[in-house]
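Enquirer: Okay, handing you the structure first.
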Amino acid sequence: MNSASIALTVSGAALAIAALLHFACIFVGAPGYRLLGAGDQIVLAVQAGDFRPHLSAGFVGGALLLCSWYAIAGAGHFKSPPLQQFVLYTVSLLLLARAILFPLLKPHFPGNSGTFWLVSSTACGILGALLLYGAFNRPTIHGA
């Protein structure tokens, strides 16, 4: 397995774990959201029976799982899905943007903890870099 495949496999596995954590919040409820750094506003909404935090967590979890599939397929473990290279580049750039722009995003989500922002932004930066490296260096694209 070459370094690009390793980068895509690792990032795909990490994206799958992130997806599972989002899905776990739906099943665990308010304590799960609090553990992962959601603010009091979200936790109180879940405790009050509001379904919107669950919809958000489900949507994000689904998107992360889809990205995981693309990354793992990019590593050669599955058949290539449609628009694979475009999706890999797009997701890597979105993750890198999320990591870099968190100081601008943070004021719009005042309930999230500082730890949440640092951990999630660092994870997004690392995953974005791994995906970008893997996508750019895939042997099937550059003929290596």
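Enquirer: Note the direction-averaged projected area, equal to a quarter of the hull surface, for the Cα convex hull of the chain, in nm². Don't skip to the answer; put the middle values down first.
Expert: Numbers: hull surface 34.7 nm².
Mean projected area for the chain: 8.7 nm², to one decimal.
Enquirer: How high is the relative contact order of the range 3-142, in percent, counting Cα pairs under 8 Å that sit 6 or more residues apart? Please list the in-between numbers first.
Expert: Numbers: 175 pairs, mean separation 50.9, N = 140.
It rounds to 36 percent for the range 3-142.
Enquirer: Among Gly114, Val28, Cys124, which residue has its Cα positioned farthest towards the positive end of the charge dipole of the chain, with +1 placed on the Cβ of Lys and Arg, -1 on the Cβ of Asp and Glu, and the dipole taken about the Cα centre?
Expert: Cys124
Enquirer: In debye, nearest 20, what is the charge dipole magnitude of the chain about its Cα centre with +1 on Lys and Arg Cβ and -1 on Asp and Glu Cβ, if you could check?
Expert: Values: 6 positive and 2 negative charges, 35 e Å.
The calculated dipole for the chain is roughly 160 debye.
Enquirer: Would you mind putting 101-113, 68-80, 39-51, 117-129 in packing order, based on average other-beta-carbon counts within 10 Å, highest first?
Expert: Values: 101-113: 12.3, 68-80: 19.0, 39-51: 14.6, 117-129: 17.1.
Descending packing order for the listed peptides: 68-80, 117-129, 39-51, 101-113.
Enquirer: With each run of n ≥ 4 DSSP H residues scored as -39500 (n - 2.57), what mean residue ellipticity at 222 nm is computed for the chain after dividing by its residue count and rounding to the nearest 500 deg cm²/dmol? Please list the in-between numbers first.
Expert: On the way: 8 runs with 111 residues, N = 144.
After summing the helix terms and dividing by the residues of the chain, the value is -25000 deg cm²/dmol.
Enquirer: Note down the nm distance, to one decimal, between modelled labels 7 Å out along Cα→Cβ at Thr122 and at Arg52.
Expert: Each label point lies 7 Å from its Cα, and together they span 3.2 nm.
Bear in mind these aren't lab numbers, they're just calculated from the coordinates by the rules spelled out. Since this is a predicted model, take the numbers as computed values, not measurements. Please note: Cβ atoms are built from the backbone with ideal geometry, for glycine as well, and neighbour counts cover all protein chains shown.
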